[in-house]
Every structure is written in C-alpha cells, then in structure tokens.
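*Asks:* What follows is a structure written as structure tokens; I'll ask about it next.
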Amino acid sequence: MLLIGGDAGTIGAILLGARAALHAGAGLVSVATRAAHAPLLAMAQPELMSHGAESAGELQRMIDRADVVAIGPGLGQGEWGRM
C-alpha cells in the first residue's frame, strides 16, 4: 500500500493514515511525502517505508509498484500536492 500526502505543516495527517493502514493489517505500507518529512516519519514509525517525492517522476515510480494507493492525507492545495 502506498499513501501519498503530508505536505508542509500536515505531516501528522499522513502519519495517522499510515498508522491506520498498519493497524488494519495492510502489510507493507509505504509513504510518499515531502523529502524533508521522510526521515521524520521513519523515526516516528519505523515500520513504514518512507520516501521523499519531489517530482512527478519519483512519485510515478512508487505508484507503479503499489497494489493500493491512498491519496490525500495532508496533501494540501499547494504546488507539491498538484504534481
């Protein structure tokens, strides 16, 4: 499962969504977020695969590998969220 979100100021939303996926038994849970947030998520929840995505190409590679994609927890309305 891949969750996409966590723009500036909303890292808690993507963390809560990822924790919910883990708790529900999703197995491997990956998060695509701002590059600066990826290490913070890894410290807060080591079971997560946290990846920084600052371009559409990086994000597309993660989407191509995912079976399930959840978009939106903390996505925001800024430029990063529209990529």
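*Asks:* So, in Å, what gap is there between the alpha-carbon centers of the range 62-78 and the range 2-29?
*Replies:* 10 Å
*Asks:* Let me ask something else. Can you give me the accessible area per residue for the range 1-45, using a 1.4 Å probe, in Å²?
*Replies:* Roughly 45 Å² per residue, with all protein chains present.
*Asks:* Another question about this same structure. Can you give the FRET efficiency for Asp64 and Ala8, using 1/(1 + (r/R0)^6), R0 = 25 Å, r = Cβ-Cβ distance, to the nearest 0.05?
*Replies:* After rounding to 0.05, the efficiency reads 0.45.
*Asks:* For a protection proxy built on the mean count of beta-carbon atoms within 10 angstrom, sort 57-64, 34-41 highest first, please.
*Replies:* 34-41, 57-64
*Asks:* Under 5 Å between amide H atoms, partner at least 5 residues away or on a different chain: which partners does Val69 have, H built in plane at 1.01 Å?
*Replies:* Correct list: Leu2.
*Asks:* Which entry in (1) -0.90; (2) -0.98; (3) -0.71 matches log10 I(q)/I(0) by the Debye sum over Cα atoms at q = 0.19 Å⁻¹ derived from the coordinates of this structure?
*Replies:* Working out log10 I(q)/I(0) by the Debye sum over Cα atoms at q = 0.19 Å⁻¹ from the coordinates points to (3).
*Asks:* Over the chain, what percent of the accessible surface lies on carbon and sulfur atoms, probe 1.4 Å?
*Replies:* 58 percent
The values are calculated or read from the model by the stated rules, or taken from the named source; none is laboratory data. These figures come from a predicted structure and were not determined experimentally. Virtual Cβ from ideal backbone geometry, glycine too; neighbours counted across all protein chains shown. Just so you know, the surface numbers come from the protein's heavy atoms only, side chains and all, with ligands and any DNA or RNA stripped out. Shrake-Rupley method; radii C 1.70, N 1.55, O 1.52, S 1.80 Å.
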